[in-house]
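All of the numbers you see were taken from the coordinates with simple rules; none came from a lab. Everything numeric in this text was worked out from a predicted model, so none of it was measured. Methodologically, a virtual Cβ is constructed for each residue, glycine included, from the backbone with ideal geometry; neighbour enumeration extends over all protein chains shown.
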Amino acid sequence: MAGNRTFTMIKPDAVEAGNTGAILDQITASGFRIVAMKMTQMTKADAENFYAIHKERPFFGELVEFMTRGPIVAAILEKDNAVEDFRTLIGATNPEDAAEGTIRKKYATSVGENAVHGSDSDENAEIEGAFHFAGREMF
Ligand code: UDP
């Protein structure tokens, strides 16, 4: 059965561009409840751990650099079928391939600087949420 929570980050490009409010508005208007949320800046070690699955990929260094260059907004979101519905809401990794109206289509500028993260499985949603939040920060 699909779980009801996912994890997201509004990435440094979107925070810098002043799109945090508009993105959160689209997320909540799409039926997601905010369970936990904070603005924070990832350290190099944080980003290397968070994206460890990509460490052999050619873009890894650039990704770590990008994700640590400024603050992010991290959040845990709740909705039926959260992981899949949120991936649909954000759109494809590359904004050129993202569907019209999706968050990445509207706010991403490249395949790397793509505005938002969304967990790709229930298992990763749990791991990624726990990476950023203690139990007492989830409501
Ligand atoms: N990424 C990148 N270059 C690529 C592919 C991905 O810089 O060619 C970055 C991008 O920020 C992406 C993240 O690495 O969101 C993780 O990649 P993944 O394939 O897991 O995409 P996602 O699940 O975020 O859509």
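Can you spot the lysines whose alpha carbon is less than 27 Å from Lys79's alpha carbon? Ignore those fewer than 8 places along the same chain. The qualifying lysines are Lys11, Lys38, Lys105, Lys106. The label point for Thr43 and the one for Arg87, both projected 7 Å from the Cα toward the Cβ, are 3.2 nm apart. In the calculated pair-distance distribution of segment 1-78, the portion above 20 angstrom amounts to 39 percent of the Cα-Cα pairs.
Running Debye on the chain with equal point scatterers at the Cα sites and no solvent, what base-10 log of I(q)/I(0) appears at q = 0.13, 0.15, 0.18 Å⁻¹? The Debye formula, applied to the Cα set alone, gives -0.50, -0.69, -1.03. Distance distribution note for segment 52-103: the fraction of Cα pairs above 18 angstrom is 56%. Taking a Cβ cut-off of under 15 Å around Val73, the surrounding Lys, Arg, Asp and Glu residues balance to a net charge of -3, with basic ones at +1 and acidic ones at -1. Dividing the summed helix terms, -39500 (n - 2.57) for each DSSP H run of n ≥ 4, by the number of residues in the chain produces a 222 nm estimate of -10500 deg cm²/dmol to the nearest 500.
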